[in-house]
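We did not get these values from a lab; they are worked out from the coordinates using the rules stated. Quick caveat: nothing in here was measured; it's all calculated off a predicted structure. Cβ placement follows ideal geometry from the backbone for every residue including glycine, while neighbour counts extend to all protein chains displayed.
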Ligand SMILES: [Zn+2]
């Protein structure tokens with residue numbers, strides 16, 4: 001077994017301005033209704049944020065109704081909130 005001494009460990013210095021890690025969450029929503037008012041390529045509506053809660057809040061602000069128990073959603077057109 002080789003002894004490790006301070007001379008074999010490279011010197012390290014914390015950066016004054018290190019790069020921050022990046023991450024995020026996306027929520028892709030599809031309507032749970034059949035509705036002729038939907039465009040054929042309308043879905044998914046995508047919301048991005050730091051967490052699912054933030055994405056859900058943004059979706060609700062746009063008129064989406066999220067059904068937590070079934071993990072389904074109703075679009076603003078069908079919910080009447082659009
Ligand atoms: Zn809909």
Does anything in the range 24-44 have its amide N under 17 Å from the 7 Å Cα→Cβ label point of residue 58, and if so which residues?
24-30, 43-44
Fewest-first ordering of 77, 70 by Cβ atoms within 10 Å yields 70, 77
Modelling each spin label as a point 7 Å along the Cα-to-Cβ direction, I'd like the residue 79/residue 32 distance in nm, to one decimal.
1.2
Order of 21, 43 from fewest to most other C-beta atoms within 10 Å?
21, 43
Quick check on packing: order 26-37, 48-59 by the mean number of other C-beta atoms within 10 Å, highest mean leading.
48-59, 26-37
P(r) over all Cα-Cα pairs of the chain, 5 Å bins from 0 to the longest distance, whole percent per bin, short to long, reads 3, 12, 18, 15, 9, 6, 4, 4, 5, 5, 5, 5, 4, 3, 1
Given a cut-off of under 8 Å on Cα pairs at least six residues apart, what relative contact order in percent is computed for the chain?
26
